[in-house]
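Bear in mind these aren't lab numbers, they're just calculated from the coordinates by the rules spelled out. Since the model is a prediction, treat every value here as computed from it, not as a measurement. Ideal geometry is used to build each Cβ from the backbone, glycine not excepted, and the neighbour counts take in all protein chains shown.
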Amino acid sequence: MLLDDLAGAARVLFVHAHPDDETLQTGALIAELTARGVRCDLVTATRGERGEIVPGPLSGLTGDAFVARRETELAGAVAALGITERAYLGEPPARAAGQPPRRYADSGMRWIREGLAGPSGDAGPDSFTAADPAEEVADLVAAIEYFRPDALISYDDDGSYGHPDHVRVHEISGPAAARAGVPVLWVVSDPAGAGEWSDLAHRLPTVVAAARCHASQVSVVESADPRAAEVIHSGGQRTPLATRIGLRR
Ligand SMILES: [Zn+2]
């Protein structure tokens with residue numbers, strides 16, 4: 001079983017697109033692995049500069065102040081989940097040797113239909129999806145060589161809900177893992193999709209604690225059921241806080 005294989009690993013590297021994805025997409029898996037003694041590290045491609053802020057006390061944040069907020073939120077979630085070390089793609093140790101550090105900016109998205117995102121149409125020249133994929137692959141290889149994971153975990157080709165940055169993370173993860181000689185496991189996007197599914201609802205309290213760190217992006221709503229909680233996104237959409245995670249090779 002994939003989860004047991006992972007739990008027998010010494011180190012696992014998660015690759016995500018934005019701060020909050022580590023929690024909303026794979027928080028229960030990270031919590032499970034760290035509780036079982038697996039070292040989990042994280043590479044985040046962007047700082048989520050185009051994330052929409054939930055209405056409330058943080059909604060006035062813009063520019064550098066918003067970016068700083070997202071960085072702080074990510075640091076909090078990383079601590080809550082038990083992640084050992086994290087890096088942004090484009091900065092050491094997730095930067096190819098000899099290259100000056102750079103930032104890959106959030107590409108933005110727009111909803112094509114409920115639950116499916118597509119390109120925003122106005123992603124800037126410094127955006128993650130506008131950059132050369134070969135440069136991003138080289139940066140991710142550098143991260144893999146630094147963290148020396150036994151497995152890489154990334155999005156499947158649907159990129160969880162189609163966000164262009166998630167899809168790009170998928171596109172660079174395969175080549176980078178292959179070049180570094182590390183197996184990759186894909187997080188299954190479709191809740192009904194083929195894969196090995198693990199019910200990790202017992203990790204919900206840890207996921208809730210991590211999700212609360214991302215207060216600019218989601219509000220957490222706990223329920224009477226201790227194995228279920230929801231998050232409310234900036235647009236008011238409510239989604240369950242995922243604790244059932246599918247993986248495939
Ligand atoms: Zn994301």
Order of 213, 40 under a 10 Å beta carbon neighbour criterion, fewest first:
213, 40
Order by protection proxy (mean Cβ within 10 Å, highest first), peptides 206-212, 240-246
206-212, 240-246
Loop sites in segment 1-72: trypsin sites (Lys or Arg not before Pro), DSSP, at most 14 other Cβ within 10 Å:
36
What are the ³J(HN,Hα) values, in whole Hz, obtained from phi via the Karplus relation 6.51 cos²θ - 1.76 cosθ + 1.60 with θ = phi - 60°, for each residue of segment 98-112 in sequence order, with x given for Gly and Pro?
x, 9, x, x, 9, 10, 9, 8, 3, 7, x, 7, 9, 7, 7
Amide proton proximity set for residue 120, modelled H, under 5 Å, gap of 5+:
109, 110
Going by a ≥ b ≥ c, the root eigenvalues of the Cα gyration tensor, does segment 16-169 fall in the rounded group (a/c under 1.5), the prolate group (a/b larger than b/c) or the oblate group?
rounded
Kindly work out what percent of the DSSP beta bridges joining two residues of segment 2-248 are antiparallel, to the nearest 5.
50
The answer for the longest stretch of the chain without any exposed GluC sites (Glu not before Pro) (DSSP loop, at most 16 further Cβ atoms within 10 Å) is 115-249
Mind listing the long-range amide H neighbours of residue 85? Cut-off is under 5 Å, sequence gap 5 or more, other chains count too, H placed in the peptide plane at 1.01 Å from N.
42
